[in-house]
Amino acid sequence: MTNPLPDEVAFMDGVSALPRDNGELVFAAPWQGRAFALAVALVDRLDLPWDAFRQRLIDAIAQDPDRPYYDSWAIALESLVVSLGLTTEDALEAATPAERAPL
Amino acid sequence: MSHDHDHGHDHHPEPLAPIEARVAAIEAVLTEQGFFDTEMLDQLVSHFEDNLGPLNGAKVVARAWVDPDYRSRLLADGTAAIAELGFGGPEGDHMVVVENTPDVHNLVVCTLCSCYPWPTLGLPPKWYKAPAYRSRAVREPRVLLAEMGTELPDDVEIRVWDSSAEVRYLVLPERPSESEGLAEEDLVALVTRDSMIGVQRL
């Protein structure tokens, strides 16, 4: 079967290492898995080096080391998306829902 | 949160944490621009949750099926032969490959914790870490395998391999008889994670 998770994502080390429990990835909530998939898929889709995201993740963690890992992940994702010109802060603001969509 | 929250099956809208809302916004914007569709992201997420990790082991197995010399090297020194394909690392330091035959079936467990060769097998499935699997794989492997959908004839010997921090095992499954003539890259797709742990025969 094909594996959409590149090694450079799976094997990140240092502060950017993915949270794991005994080797298995841990998502505390569904949105965290979503944020994870978005970053991996976007980098793949645009054929960017994984470092383009990873460096932002490291920076976001450095900004506030006590922040939960996937909060920093989401901040890094937003920063990447905006800096690539794919959207703007305003457009994101407008698209931000107030309620969770029904499943 | 609503009062009768039942693990994601709640159909009532719920208030969102700002960070969660922001991720939803990013997804909405990128989806609208046609980068992804929701279904593709759903699939990706469930793949990460259920079956995460590089299934490099499948490439190792497929190579062993098509190349007898590689197979010999793999069985003689798993670590070195796996490294030939570029896989290795701290959790795959000392790999031992055990071969299934018509008479012998191999099963891998880690009775103490959940040692697992994740450079080759990706990340362990949840059941691999469950106390029930860890104890029953040793005590009653035949019953356990049958419950997991693999019924072995009584004359097939089951060998159970207990992984540790020092040694990690990988099962080399038998090549399915209907796979004659397939190219190596197509064989890779036939190799499942479970067959390399030994809870499934191909």
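Computed from Cα atoms, the angle from the helix A:50-63 axis to the main principal axis of chain A rounds to 80 degrees. In this structure, the amide hydrogen of B:Trp161, modeled 1.01 Å from its nitrogen in the peptide plane, lies closer than 5 angstrom to those of B:Leu107, B:Val108, B:Val109, counting only residues at least 5 positions away or on a different chain.
How many partner chain Cβ atoms sit within 10 Å of a residue's Cβ in peptide A:33-43, on average, as a whole number? List each step's numbers first, then the result.
Working: counts 6, 9, 8, 5, 12, 10, 1, 2, 7, 4, 0.
That works out to 6 on average.
The angle between the Cα long axis of helix A:69-83 and the main principal axis of chain A comes to about 60°, on a 0 to 90 degree scale. Extending 7 Å from Cα along the Cβ direction at B:Asp69 and again at B:Ile158 yields two label points whose distance is 3.8 nm. For B:Val96, the residues whose modelled amide H falls within less than 5 Å of its own, excluding neighbours fewer than 5 places apart on the same chain, are B:Arg168, B:Tyr169, B:Leu170.
Springs between Cα atoms under 10 Å define the GNM used for chain A, and in it the highest mean-square fluctuation of A:Ala35, A:Ala74, A:Ala52 occurs at A:Ala52.
Here, each number is a calculation from the coordinates, and none is a lab measurement. Keep in mind that this is a model prediction, so the values were computed, not measured. Here Cβ is always computed from backbone atoms with ideal geometry, including for glycine, and neighbour counts include all displayed protein chains.
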